[in-house]
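Since every read-out is calculated from the coordinates, none of them should be taken as a lab result. Bear in mind the structure is a predicted one, so any value in this text is a computation, not a measurement. No Cβ is skipped: glycine too gets one built from the backbone with ideal geometry, and neighbour counts run over all protein chains shown.
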Amino acid sequence: MVAHSYQLKRADFIFKNENDWERILDKMLKRPTRELINELMSSELKGRGGAGFPTGLKWKLTAEDPSDTKFVICNADEGEPGTFKDREILTKVPYKVLMAMAVCGYVIGSNQGYIYLRGEYKFLVPELNKVIQEFEYYCKQIGHDFSIKIFLGSGAYICGEETALFESMEGKRGEPRNKPPYPSSNGYMGKATVVNNVETLAHTFTIFKYGAKKFYDLGVQYSRGSKLFSVSGDTPKPGIYELELGMSLQDFVNEFGDGDTKAVQVGGASGFLVPRKRFEKTTIGYRGKLTGISLPTGGSMMLFNSSRSMYNVLDNYLEFFREESCGQCTPCRVGCQQLHFGIKAVKRGDKPAQYLDKLLKLTETMQLTAKCGLGQSVANSFSSIVENFREEMIY
Amino acid sequence: MNPVQDLIKNLADEHGRSRANLLPILQGVVEQEKYLSELSMIEIARELNLSAADVYGTATFYSFLEHKKMGTYLIRVCKTITCAMKGKNQILFAIEDMLKIGLGETTSDGKFSLLQTNCLGWCHKAPAMLINDEVYTDLTPESVREILTEYLKK
Amino acid sequence: MSNTIHVTINGIALEVEKGKTILDAANQAGMIIPTLCFHKDLCIAGNCRVCVVEVSGQKRLAAACATPCEEEMEIQTNSLKVRNSRKHIIELLLSEHNADCTKCYKNGNCELQELASEYKIMTQDFLRLAPMKNYTIDQFSPSIIKDDSKCIRCQRCVRTCAELQGVNALTVAYKGDEMKIASFFEKAMNDVVCTNCGQCVNHCPTGALVERNYIEEVWDAISDPDKHVVVQTAPAVRVGLGEEMGMEVGSRVTGKMVSALKRLGFNAVLDTDFTADLTIIEEGTELLNRLKKALKEKDNSVKLPMATSCSPGWIKYIEHMYPEFLEHLSTCKSPQQMFGALVKTYYAKARKIDPENIVSVSIMPCTAKKFEANRPEMHDSGYRDVDYVLTTRELAIMIKQAGIDFKKLPDEKFDRLMGESTGAGVIFGATGGVMEAALRTAYELVTGREVPFENLNITPVRGMEGVRQATIKIENPLTQWDFLDGVELKCAVAHGLVNAQKVMDEVKSGTSQYHFIEVMACPGGCLGGGGQPIPTSPEIREKRMEAIYAEDAGMPLRKSHENPEILKIYQDFLGEPLGLKSHHLLHTKYIGRDRL
C-alpha cells in the first residue's frame, strides 16, 4: 500500500548570506582532517551533480591516495537541460564554494583548485576572478597555501563527465576515459583528484558551519539534506528552490504545477519522465526503500502540461544526445542516431509501431555497454517516454 | 609578423606552451578573431609543438570554437527543450527576418552570424540566446528586434 | 603480497598476473573475445565495445580490453546478455558503415565482416545511416586511399599515427554523430604531413584505409607483348608473403616467390637486394668521405651524423618535421629507386632492350614506396624509373588471381644481371640491417679485416628496442684511413618514426655524438612495413625478423662488396662509387615541406 507522509519542505541554507566564512575556514583548518571526513560522512551528503556518490567517501579515498600532487576541481560545467542552479550559486554565494574547495584541499592534501566553468557562463568570469583573488589573499594571510584557477569550457555537454573534464583541462577532446582507474587515484594529469559539483561544495559549507546533524536532520533516510531544484517548463513559478529531499512528486506538482501537469522530467534529459499517474508513487531522492520509485536528480525539474507533445519532447532530447555524445563509443554514437532517426521513422509511418520495441531493446544495450554515463542514461528518458506515451510516438 | 601570429605568440606566452594550455589559447584566438582559421591553427600547432591535425581535432570537438569565418556578433539561440517549448522558432524567424540570413549564415557586412546551440542554462527564463558572451533571456520577437536594433547601431 | 589473482571465466577457475585485463585472462584460458578497437601495438581505447563481458555483481557489462581483473571476479564471456549486446553493437556499426562488401577491396580480410559473419547478422533492422552521411573518399595520394564510408571510428589509425609514428597526420574530429577521422581541415592525405608509411592501413580493421593498388595496371603491362616487364622484390617481402598464402608466420618463401613471379609472366625476376648491396657501397663510401672531411680535413661544413635514406616514409618525415636537417641524409637513393634507374639504363643496354619498352615493377613491403616512385625527381634514367609499386599484399592477390597453388611451387632462382645478392642485402629488411651491412663493408674497407663480431653478426644493432646504439672502435686501419685510428664510430638505429623523433631531437639539440644513424619508418623495419600482410603484432614482427636473419646466415656471401654482380657493374658501367654516373643515377636531393 502506498502512503506518502512527506510534505514539501523549503530550506534556506545555500543562498543564505554568511558573513563569517573566514572564521569558519580558520576553524576548519585547525581540525584534524579525519574529523572533517567523518563529519561529512555522517552528514550523508551525496553528490548533487546527479550521480549521487557519497561526498565524504570521495574525499576520504582521495585523501588516502599516496600521490604527492593532488587537485580539487569544482565542476561548474552545468549542461544538463533544465539545470541552472550552479550559476546562481556562483553568482550569489561564490565564497562558500571557494571555502569548501580550500577545506577539501586541506583534507586531501592539495594546494591547487580549479573551477571548470562551462563556456556558456563566460560572463561570470570577471566577477568570479575578483572573489577568487580576495579569497586567495585571505588564505595567504592565514598561511594557508591554496590557489584557485578558472578553466573555461567551450561548449561540450560531455565535459561535465569527470574524466572527460580532465581530458578537456589537459587540452584534449573531452572524451571520457575508461574506469577504473578512478579520479581518486588517477584524475587530472594522472593525479588523485576530487571533483565535486558546485552545489555539493556549497552544502559542505553548511555542514562545516552548522555541523553534520543539522544537515542530516533534513530529508529522509538515504536522502539526507536539502537540494536545489531548477524548476522550468509549464509552471507559473519557474526558478530555483531549495527543498528537503524525500518529497513525493505529487507534492512537488501541487506546489509548482499549473493545474494541468501531464508529466515531469526529473533529472534533465538524462533523467526520467514521470507521467501523472505515477506522481504519487515517485519520491525525489537517492536510491532507497521509500514508497514507490525514487529518482536521483541533479535537480532539474521540467514540467509539461497536457498541451505538450511528448513526441516533440523526446525528439528534442534525442537531438541533444545525438549532437552532444562525444562520439567515441559505438553504442552511444550510433545508438543515439538510431533512436533519434528511429522515432522519426515511426512517427512518419516509415517503420511500424513495433519498431519502438526494437529501439527499447537498443536502449538496454546502450545502458549496459556505453562507456560513460551519457550513453548509459539515454535509456532513462527514452524508455520512460516511449513506455508511457507510446500512442503519441506512433503515426 | 602577421597580427594573428602576434596574438598567438602572446597567448602562448601568457598561458604557457604545454598541451594543457591549448584550450585557453584557442579561446583567446576565438575571442579576438571570432573563429579559428587554418593559419591560426597552424600557428598554434607550431607554438605548442603539436600537429596541426591535433589542434583541428580538438577545436572541432567544442561547439564554441568555430572554425568557419563568423561575424562580429555571433548570435546563438538556445534550441533545447524549454526554449523550444517557449517559442525558440519564433525568435529565430524574427532574427532571420530582420537580418536576412538563415541559420549558419553571416550577414553580407560581416556583422552578424546566426547559430543554434544546446542548453544555455536559462530554462526558467526561456527562450534565451547569447550574443557573443552576453545573455538575453525571456525573449519575444519584439524584444529580440529591440536588442538587434541596438546592435545594429554599434 | 601475492602477484597473482584468482578469477573464473565461464566457470573455469584461473590464476592471472596482477594488472592483466579480462581480455588477457580470457586469452590465457583459451577463450576468444571479439575485439575491434583493440590492437596489440596500441594503447587501450575501449571504444568499440564489442568485447563486453558480464562480471558478476556488476550492473553493466565491462569492456574486456579495458577492465583489469580483480580478485574473485566471476566473468561470463558468452551469456545471453553479452551475446545480445554484442549483436546490437555489430548491427550498429554496420548501420553506419557502407556494407557493400562485395565491392570492397578488403572483402574477405575485414574484421567487421568477420564479426558480422560470426554473429550471423542476417538482417538490417536498424535504419541505414550510411546513405544519410556525406562520406568522402580521398584518392589523391599515390599510396593510400581513405574511404570514410568504411570507417568504424575505432581510432586504431589515429593511435597508430600518434603512438607508433609520432606524426599525427590523422586525428579524431568533431563529436557526436559527426565524429570522424580526419586530417587537418580534412585536406587530402597527399597535402598533409602524412609520410605514406601505411601503418594506418596495416592497423585498420576494415576497408577505410587501404593501399592504392596497381594490380590491373601491372596485369595490363604483363599481357602487352611489346613490353618487357621487369620485377624487383624487396628483402622483407620474402619473409611476409607466405602469411598471405596461408603459411606460418616467419616462413621464408624466396624460392617460391621467384617461382610465382615467373609464372605470373614477368619477363625478368630480379632482386632489390642487389641494389641494397649497391647502396652499401655508395652509402659506405659517402660516410667514409664525410668522416674524412670532418676528421682529417677539419671541414666544419660536413654534416654528421649521416642518416640512411632507404626508407621513403622516413624521408618524407624528415622533409616535413626537420627540414633544416636534410643535409644529414645520405644522398643515396633507396635500393628500389637505384634499381629503377639502372633497369632502364644498365640492364636495358646489356639486354639490348629499348628502355621505352621496359615496365619496371617493384614488390615492396611498403606503401610509401608508391609515393617515392611517383616523386618527380625519380626520372634519372630518362624515363620514370619505377613504373608500378605493389605491396606484398597486392602480389598475393595477383598470385591468387592467377590460380597458383603457392605452397606447392618449386623453389626457383632470381634471373641474372641485378639478381645476385648477399646476406647484407637481405638484412635491409630488418631494423638495424642497413647499419649492420654498412659496418660489415666499411670496417673491412678501412681496416682490411672483417668486423670483429662472431659470424659477422653485429648483434648490438639487432633487436626490437626502439632506439639502439653501438660503438665500434677502429684500430690499425689501412694507411689511407689512418685518421680513423682509435676513432670510436658511434651509431644509432631507430625504427618507428616516434623513435626517429627521439634521435632527431638529440641531433637537433646538439647532444648527439653519433656519426651514423639508421632510421626505418616502420616498427621492426621493412618487415613490419605498411604493405606487409595484415595482421601485424610484435610477435609476428619478431618471427619475420628471425626469418630475415636466418636467410642472411644461409647466404654464401654476406658482405655487399663481395657480390660479384656489384663488382661487375662498377667495372662495366658505373666506374667508381660516388663517380659521375653514380652521382647521376644513384643519388638524389630532398625538399623541405610544411608541417600540416
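For chain B, the orientation-averaged shadow of the C-alpha convex hull comes to 9.6 nm² (one quarter of the hull surface).
Based on the reciprocal of the average 1/r between different C-alpha atoms, the Kirkwood radius for the stretch A:246-395 equals 15.7 Å. Please grab the % of Cα pairs in the stretch C:278-328 that end up more than 16 Å from each other. Here the long-distance tail beyond 16 Å is 47 percent of all Cα pairs in the stretch C:278-328.
For the stretch B:78-87, putting each phi into the Karplus relation 6.51 cos²θ - 1.76 cosθ + 1.60 with θ = phi - 60° gives couplings of 5, 10, 6, 2, 5, 5, 5, 5, 9, x Hz, in residue order, rounded to whole numbers and with x for Gly and Pro. Note that the stretch A:94-100 has calculated 3J(HN,Hα) couplings of x, 4, 5, 5, 4, 4, 4 Hz, one per residue in order, obtained from phi through the Karplus relation 6.51 cos²θ - 1.76 cosθ + 1.60 (θ = phi - 60°); glycine and proline are x. Listed as lacking a disulfide-compatible partner in chain B: B:C119, B:C123, by the criterion of no other cysteine Cβ under 4.7 Å.
Taking a sphere under 12 Å around the Cβ of A:S147 and counting the other residues whose Cβ falls inside, with K and R at +1 and D and E at -1, yields a net charge of 0. Packing here is the average count of other Cβ atoms within 10 Å per residue, and on that basis the peptides C:88-95, C:499-506, A:128-135, highest first, run C:88-95, C:499-506, A:128-135.
Counting Cβ atoms of other protein chains within 10 Å of each residue's Cβ and taking the mean over peptide B:113-120 gives 5. Which number comes out as Rg/Rh for the stretch B:73-153 once both Rg and the Kirkwood Rh are worked out on C-alpha atoms? When Rh is taken as the Kirkwood radius, the ratio is 0.93. As a proxy for reagent exposure, A:D315, C:D385, C:D226 were ordered by neighbouring Cβ count within 10 angstrom, fewest first; the result is C:D226, A:D315, C:D385.
Model label sites at A:D26 and C:M555, defined 7 Å from Cα along the beta-carbon direction, differ in position by 8.4 nm. For A:T261, the amide hydrogen comes within under 5 Å of no other amide hydrogen, counting only partners 5 or more places away or on other chains and with H modelled in the peptide plane.
Residues C:D191, C:D273 in ascending order of nearby Cβ atoms (within 10 Å, fewest first): C:D191, C:D273. For the Cα atoms of chain A, what angle does the longest principal axis make with the long axis of helix A:33-43, in degrees from 0 to 90, nearest 10? Taking the Cα atoms of chain A, the angle to A:33-43 is about 30 degrees. A straight line joining the Cα centroids of the stretch B:1-40 and the stretch C:327-351 runs 47 Å. I want to verify a result. In a Gaussian network model of chain A, Cα cutoff 10 Å, which of these has the top mean-square fluctuation: A:L152, A:L228, A:L98? Of A:L152, A:L228, A:L98, the most mobile in the Gaussian network model is A:L152. For the protein assembly as shown, a Kirkwood hydrodynamic radius built from all Cα pairs, placed in the Stokes-Einstein relation at 4 °C and 1.567 mPa s, yields a translational diffusion coefficient of 40 µm²/s.
Phi angles of the stretch C:573-585 translate, via the Karplus equation with coefficients 6.51, -1.76, 1.60 and θ = phi - 60°, into HN-Hα couplings of 9, 7, x, 9, x, 6, x, 4, 5, 4, 4, 6, 9 Hz per residue; Gly and Pro are given as x.
If you fit an axis through the alpha-carbon atoms of helix B:52-61 and take the longest principal axis of the Cα set of chain B, what angle between them do you get, 0 to 90°, nearest 10? It works out to around 20 degrees. Under 5 Å from the amide H of A:K46 lie the amide H atoms of A:T55, each residue being 5 or more positions distant or on a separate chain, with H modelled from the backbone and absent for Pro and chain starts.
Highest mean packing comes first when the peptides C:314-320, C:485-491, C:81-87 are listed by Cβ atoms within 10 Å, giving C:314-320, C:81-87, C:485-491. For B:T140 and B:E105, a Förster radius of 30 Å and the Cβ-Cβ distance give a FRET efficiency of 0.85, rounded to the nearest 0.05. Under a Cβ-Cβ cut-off of 11 Å, what is the net charge of the residues other than C:Y119 that fall near it, where Lys and Arg count +1 and Asp and Glu count -1? Net local charge, C:Y119 excluded: +1. For the pair C:V302 and B:Q5, what calculated FRET efficiency results from E = 1/(1 + (r/R0)^6), where r is the Cβ-Cβ distance and R0 = 41 Å, to the nearest 0.05? Result of the calculation: an efficiency of 0.70. For the stretch C:92-211, the average shadow cast by the Cα convex hull is 7.4 nm², which is a quarter of the hull's surface. Shown is the FRET efficiency for C:N78 and C:E539, computed with R0 = 25 Å from the Cβ-Cβ distance and rounded to the nearest 0.05: 0.45. Could you tell me how far the Cα centroid of the stretch C:48-97 sits from the Cα centroid of the stretch C:562-596, in Å? Cα centroid of the stretch C:562-596 versus Cα centroid of the stretch C:48-97: 57 Å apart. Computed extension gain for A:K213 through A:D260, at 0.36 nm per residue and net of the alpha carbon distance, reaches 13.1 nm.
Which value in Å does the Kirkwood hydrodynamic radius of chain A take, with 1/r averaged over all unlike C-alpha pairs and then inverted? By the Kirkwood definition, the hydrodynamic radius is 21.6 Å. Per-residue ellipticity at 222 nm from helix content only, as computed over the protein assembly as shown with -39500 (n - 2.57) for each DSSP H run of at least four residues, stands at -11000 deg cm²/dmol. Averaged over peptide B:36-42, the number of partner chain Cβ atoms lying within 10 Å of each residue's Cβ comes to 2.
The slack in the chain from C:N3 to C:E454, taken as 0.36 nm per residue of separation less the alpha-carbon distance, amounts to 158.3 nm.
Each pair of Cα atoms in the stretch C:4-78 enters the Kirkwood radius, and Stokes-Einstein at 37 °C and 0.692 mPa s then converts it into a translational diffusion coefficient of 270 µm²/s. Full extension of the chain segment joining B:N89 with B:R17 gains 21.6 nm, where the gain is 0.36 nm per residue of separation less the Cα-Cα distance.
Averaged over the residues of peptide A:164-172, the number of Cβ atoms from other protein chains lying within 10 Å of each residue's Cβ is 4. Net charge in the neighbourhood of A:S230 (other residues with Cβ under 14 Å of its Cβ; Lys, Arg +1, Asp, Glu -1) is 0.
Averaging the sequence gap over all C-alpha pairs within less than 8 Å and six or more residues apart, then dividing by the number of residues, gives the stretch C:238-344 a relative contact order of 24 percent. Counting every alpha-carbon pair across chain C, the share separated by more than 31 Å comes to 52%. Taking the fewest neighbouring Cβ atoms within 10 Å as the starting point, the ordered list for C:M73, C:M122, C:M545 is C:M122, C:M73, C:M545. Placing unit charges on each Cβ (+1 for Lys and Arg, -1 for Asp and Glu) gives chain A a dipole about its Cα centre, and among A:M169, A:A269, A:Y116 the Cα reaching farthest toward its positive end belongs to A:A269.
Just to confirm the number: angle between the C-alpha axis of helix C:497-509 and the first principal axis of chain C, 0 to 90 degrees, nearest 10? The helix C:497-509 is inclined about 50 degrees to chain C.
Amide H contacts of A:I115: A:C74, A:K149, A:I150, A:F151, each under 5 Å away and 5 or more positions distant or on a separate chain (H built 1.01 Å from N in the peptide plane; Pro and chain starts excluded). Label point of A:K361 set 7 angstrom out along Cα-Cβ; within the stretch C:89-104, amide nitrogens under 19 Å from it belong to C:89-96. Using a Gaussian network model of chain A in which every pair of alpha carbons under 10 angstrom is joined by a spring, one finds that among A:N197, A:N254, A:N186 the greatest mean-square fluctuation is at A:N254.
Projected label points at C:H379 and C:T471, each 7 Å from Cα along the beta carbon direction, are separated by 4.9 nanometres.
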